[in-house]
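Enquirer: What follows is a single structure, and I will ask about it in a moment.
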Amino acid sequence: MNEPFANGLPGRSNSQSSLHSPPRSSDESLAIPRRYFLGRGAGLGLGAIALSLLESTLGATESAPAPLGLPGLPHHPATAKRVIFLTQSGGPSQIELFDHKPDLIKLAGQELPESVRQGQRLTTMTSNQKQLIMPARTSFGTYGESRATIGEWLPHHAKVVDDLCFIKSMVTDQINHAPAMTKFLTGHQLPGRPSLGAWTSYGLGSENRNLPDYLVLISKMKRPSDQPLYDHYWGSGFLPSRYQGVKLRNAKEPVLYLRDPDGIPRAVRRDMLDGIAELNRIQFANSGDPEIETRIRQYEMAWRMQSSVPELNDMSDEPEEVFELYGPDSRRPGTYAANCILARRLIERGVRFVQLFHPDWDHHSRLSSWCVARCRDTDQASAALVTDLKRRGLLDETLVVWGGEFGRGVAGQGAWDSPEGGRDHHPRCFTVWAAGGGIRPGQTYGSTDDFSYNVAENPVHVRDLHATILNRLGIDHEKFSYRFQGLDFRLTGVEPARVVSEILV
């Protein structure tokens, strides 16, 4: 039988069942080792209790509420029930999009002063060239009552600035894509930690029995992107695998192996699932392995998703004006615009965390054309999502976050005055925006120096952003941990992290 959700929902056990093997002894009167007792004796009792709760959950009616998260959560009243994370993979250039530095025009072609660079590490792509200043390749305007500055490549963002909060003083520690994106999404630069979405799912649980807590949508690109999107960006790390993100593929079959095999009637399929569940229950009672519980849950989730996913993807009930709002790409499945509509439909159905990935923001060359193309892909739909949520009364309880893993440097990569010129990675300052969910709208927080190179005021580290997102969900990041290998791990780690209270309502 096909494994449910291969490359999607979890169903694979990572447990070490050998830890629960019976002791080998010819003398049955020998004392039972503690590990065996805990695995078999205690496991049978505690496992049976957990299993009875699981069975009561799976046997609930379709209209019954889904199980919520950990006891004692939320720690305080939440202002956001759900999160939509618009992940722009590759490092959007804050210099062209948000962080207006008009004085750079006078400094064009001059070498970046060492007093500004301050020994900042460079990638091998620009470390052997002169750091010649390249002004913004676009013009800026100020918009809305908040008088926010927006580059001309984002005309639709300009219409919703009073609903957005711009954080222009973001800082990260990593200068290359994979560790920077891993840090941006999991709080640590090395793979193996739970993602922000997985932490949220673990802590707060689900409001929907028929869809996973955490769903991932990846844009179908018009041209291939050479920047990979790794599964650990939405993984569960050391948390039980049921909390990892489930990727909806931008293909005819959104989730692999969800459809019944040809020639297998639904009744037969149901009997097969019941039989497998019974075998899994026996093994769970013997070992207490939580990954077996995950497998039972996910087979049942697969069964329910056979109805919920086709209904989710059927946009025939969306009025024409919705597609006009999100733009012409919204009618093409798999595009960023279509995924923004899907994100709204998911949170309407109670999904806790939805993450969109739009790659190809890594503009080491041809900035003036390739960055424009990415803005064209995402600008209208990102603004439309905020507008759509607001008019449906959903923005107040939905936190929308937009951003990438780092920004771009002020020096041109290649010839600064050529159409072929681009920008290298830059971790010292970049821009992220947030909207809804208890974030103060119409605000610009933090600032950078005259070169958009260093933070001048109110730095916000990635872990501060994580602490703030958790805070809006009602979670105190200092009290929210998971014990693994003898340590209590937190999303925000052990270094100081703060909730950016200045941007909260």
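What follows draws every value from the coordinates through simple rules; no lab data is involved. Source: prediction; values computed, not measured. Here Cβ is always computed from backbone atoms with ideal geometry, including for glycine, and neighbour counts include all displayed protein chains.
Enquirer: Separation between the Leu487 and Ile282 pseudo-spin-labels, each 7 Å from Cα along Cα→Cβ, expressed in nm?
Expert: Modelled inter-label distance: 4.0 nm.
Enquirer: Could you state the number of Å between the C-alpha centres of region 156-174 and region 448-495?
Expert: Rounded to whole Å, the Cα centres lie 17 Å apart.
Enquirer: Pull out a ≥ b ≥ c, the square roots of the eigenvalues of the alpha-carbon gyration tensor of region 212-319, then state rounded if a/c is under 1.5, prolate if not and a/b is larger than b/c, and oblate in the remaining case.
Expert: Verdict is oblate for region 212-319.
Enquirer: Between Arg332 and Arg440, what is the spin-label point distance in nm, taking each point 7 Å from the Cα along the Cα→C-beta axis?
Expert: 4.1 nm
Enquirer: May I ask for the angle, rounded to the nearest 10°, between helix 177-186 and the longest principal axis of the chain, with both axes built from Cα atoms and the value confined to 0 to 90°?
Expert: So the inclination is approximately 60 degrees.
Enquirer: For a Förster distance of 51 Å, can you work out the FRET efficiency between the beta-carbons of Ser447 and Asp314, rounded to the nearest 0.05?
Expert: On the way: r = 46 Å, r/R0 = 0.90.
Step by step, r from the Cβ atoms, then E = 0.65.
Enquirer: Taking the alpha-carbon distance from Lys81 and a cut-off under 17 Å, which lysines remain once sequence neighbours fewer than 8 residues away in the same chain are dropped?
Expert: Of all the lysines, those that pass the test against Lys81 - Cα under 17 Å, at least 8 places apart if same chain - are Lys390.
Enquirer: Okay, next question. Extending each Cα 7 Å along its Cβ direction at Ala373 and Phe238, get the distance between those two points in nm, one decimal.
Expert: Each label point is offset 7 Å from its Cα along the Cβ direction, giving 4.2 nm.
Enquirer: With respect to the cross-link table entries Lys130/Lys183; Lys183/Lys247; Lys220/Lys247; Lys106/Lys130, which display a Cα-Cα separation exceeding 22 Å?
Expert: On the way: Lys130/Lys183 29 Å; Lys183/Lys247 20 Å; Lys220/Lys247 13 Å; Lys106/Lys130 18 Å.
In this structure, Lys130/Lys183 lie more than 22 Å apart at Cα.
Enquirer: Calculated from DSSP H runs of 4 or more alone, at -39500 (n - 2.57) each and per residue, what is the 222 nm mean residue ellipticity of the chain, nearest 500? The partial results should precede the final answer.
Expert: Values: 11 runs with 145 residues, N = 505.
Mean residue ellipticity, 222 nm, calculated: -9000 deg cm²/dmol.
Enquirer: Roughly how tilted is helix 43-58, in degrees to the nearest 10 and between 0 and 90, from the longest Cα axis of the chain?
Expert: 70 degrees
Enquirer: Which aspartates and glutamates, if any, have their Cα less than 20 Å from the Cα of Lys159, not counting same-chain residues under 8 positions apart?
Expert: In chain and number order, the partners are Glu96, Asp99, Glu145, Glu321, Glu324, Asp329, Asp377, Asp379, Asp388, Asp396.
Enquirer: While we're looking at this one, here's another question. State the label only: which of [x] 26.2; [y] 23.1; [z] 24.3 corresponds to Kirkwood radius over Cα pairs in Å computed from the shown model?
Expert: Matching entry in [x] 26.2; [y] 23.1; [z] 24.3: [z].
Enquirer: While we're looking at this one, here's another question. Compute the separation of the alpha-carbon centres of region 379-438 and region 258-311 and state it in Å as a whole number.
Expert: Using only Cα atoms to place each centre, the spacing works out to 40 Å.
Enquirer: In degrees between 0 and 90, to the nearest 10, how far off the longest principal axis of the chain does helix 462-472 point, with axes built from Cα atoms?
Expert: It works out to around 60 degrees.
Enquirer: Continuing with this model, one more query. Would you mind calculating the relative contact order of the chain from Cα pairs under 8 angstrom and at least 6 residues apart, reporting the percent as a whole number? Walk me through the numbers on the way to the answer.
Expert: Numbers: 1032 pairs, mean separation 141.1, N = 505.
Relative contact order of the chain: 28 percent.
Enquirer: What are the lysines whose alpha-carbon lies under 18 Å from the alpha-carbon of Lys101, with same-chain residues fewer than 8 places away excluded?
Expert: The qualifying lysines are Lys168.
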